[in-house]
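The values are calculated or read from the model by the stated rules, or taken from the named source; none is laboratory data. Owing to the predicted nature of the structure, the values given are computational and were not obtained by experimental measurement. Ideal geometry is used to build each Cβ from the backbone, glycine not excepted, and the neighbour counts take in all protein chains shown.
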Amino acid sequence: MRQHHNRVDLHLHSTASDGVYTPSEVVRMALERGLAVIALTDHDTLGGVAEAQQAAVGTGLEVVAGVEVNSEGDWGDLHILGYYVDLNHGPLQEQLEAVRDVRVGRARKMIERLTEMGMPLAWEDVRALAGGASVGRPHVARALVNRGYVKTTKEAFDRFIANDGPAYVPRMRLSPSEVIQTIIDAGGVPVLAHAAHFGKQAIALIPEMVGYGLRGLEVYYPHHSPEQIEMLLGLCQEHGLLVTGGTDFHGPDSSEGAQLGSVHVPLECAERLREAAFQRSGPAHTGGERPMTPSEVQIYLNVTEEDADPKRLDELTGRLLRDLRELGAESVERPSGGVTPEGAKGDTFTLGALALVAVPAFLPRLVEFLQAWSLRGESQGRRVKIKTPAGLEVEFTPEKKLSQAELVALVENLTQTQ
Ligand SMILES: [Zn+2]
Ligand SMILES: [Zn+2]
């Protein structure tokens, strides 16, 4: 009777993509079912993860930061899951946004852009012009003429929707190798979703994807037959891949997936996945540093481009590291000085893993210190961030002063995910 309950579900959707329940509701349902580890893996967005992790504060439930990214090859779609990704990784955010644009449809997106530029078009009108065919640029051009924004369709192209026009939205096809690489760059673990669900062609590609850095296969899945599970377990063994699983839960009446927590996924799968996520050293902390142990947290600092100058960086970080030591941090190390651009604008940078600090006894003091530091003048508006081995991230900014209750909840959550 010991393995009576399924405790792990590493494939869940919420309203952040096409699920029925909000991230908080998904967490509540996971708690009701007595799960120990879940991953929120919305399609092409990380938008629900923070809410889910917040909803799990103090409950003992681990919410893994996840995403399910759509990739396209000549053979068709492949879905790739990214686990323990950095929620604030700029290139990943950009890639997901590009994929979402494809989902919305290029034409729709172009209409949005034209509307923003002061030339509103109704989607229904443009679609009517396509007469049932898929809506393309010629239809958008004609709609612009019909509304009197331009005189000819040629003018519409020349001024707005030609390949270099201000309202043009490029066709975006992400290859599996691109998706895998971005997930790795974001510190995550890439896993092929429902590995047997897209047919033999997809399975034949597994060795190639392993070459790109694929780390695991989703073996336990509602629509996988026992034979398929057996076959996938064999492939995992052969290629040294992680075994994962989940329900692909979207909602109670969805044709996709199964009910939350209803697929048996051994707890060990979640443990191996977590280990894999924290054994590897991501590009944000390269440089031969030792990996984070479960009783440590990493501290990241958001810096400006000028700070990236080594001397300024030393001045800026030296003080913070000294303060941490004085505060009583057991081990303050500087695992790397790597500075990576963050965000679309490229004007902010993250200083990879500034310090490894032992916890948990030190945690309450650390949280208070970082909040105070971020509010102090010497931070000059820079943001500082804690990252735990379980992938939980908390950012302190001058704009957001946490209440005492929030600080307590935060410490509690950080402690239980150690
Ligand atoms: Zn999928
Ligand atoms: Zn899914």
**Message:** Quick test for you: out of Leu241, Leu232, pick the one residue that is within 16 Å of ligand 1 (Cβ to nearest atom) and either in the same structural domain as Val210 (by TED's automatic domain parsing) or at pLDDT below 95 (or both).
**Reply:** Leu232
**Asked** In the set Gly261, Gly216, which member is in contact with a strand residue (DSSP E or B) (Cβ under 6 Å, 6 or more places away or on another chain) and on the phi < 0 side of the Ramachandran plot?
**Response** Gly216
**Fill in**
Of the residues in the stretch 114-124, those that are within 30 Å of the chain's Cα centre (by Cα) and either among the aromatic types (Phe, Trp, Tyr) or crowded, with 17+ Cβ neighbours inside 10 Å (or both) come to Leu114
**Request:** Tell me which residues, restricted to the stretch 73-92, are in contact with a strand residue (DSSP E or B) (Cβ under 9 Å, 6 or more places away or on another chain) and away from ligand 2 (no atom under 16 Å from the Cβ).
**Result:** Tyr84, Asp86, Leu87, Asn88, His89, Gly90, Pro91, Leu92
**Prompt:** Of the residues in the stretch 171-208, how many are touching a residue at least 40 places away in the same chain (Cβ under 8 Å) and within 24 Å of Gln93 (Cβ to Cβ)?
**Reply:** 21
**Item:** Identity of the residue in the stretch 351-365, in contact with a Leu (Cβ under 7 Å, 6 or more places away or on another chain) and modelled with pLDDT of 75 or more, that ends up nearest to Gly48 (Cα to Cα)
**Value:** Leu363
**Prompt:** Pick from the stretch 78-104 the residues that are over 15 Å from Ser17 (Cβ atoms) and within 15 Å of ligand 1 (Cβ to nearest atom): which of them is surrounded by the fewest Cβ atoms within 10 Å (Cβ to Cβ)?
**Reply:** Leu78
**Item:** Residue that is surrounded by the fewest Cβ atoms within 10 Å (Cβ to Cβ), among those in the stretch 362-417 that are closer than 21 Å to Val57 by Cα and among the hydroxyl-bearing types (Ser, Thr, Tyr)
**Value:** Ser403
**Request:** Please go through the stretch 134-150 and pick out each residue that is in a loop (DSSP other than H, G, I, E, B) and either small (Gly, Ala, Ser) or closer than 11 Å to Arg108 by Cα (or both).
**Result:** Ser134, Val135, Gly136, Gly148
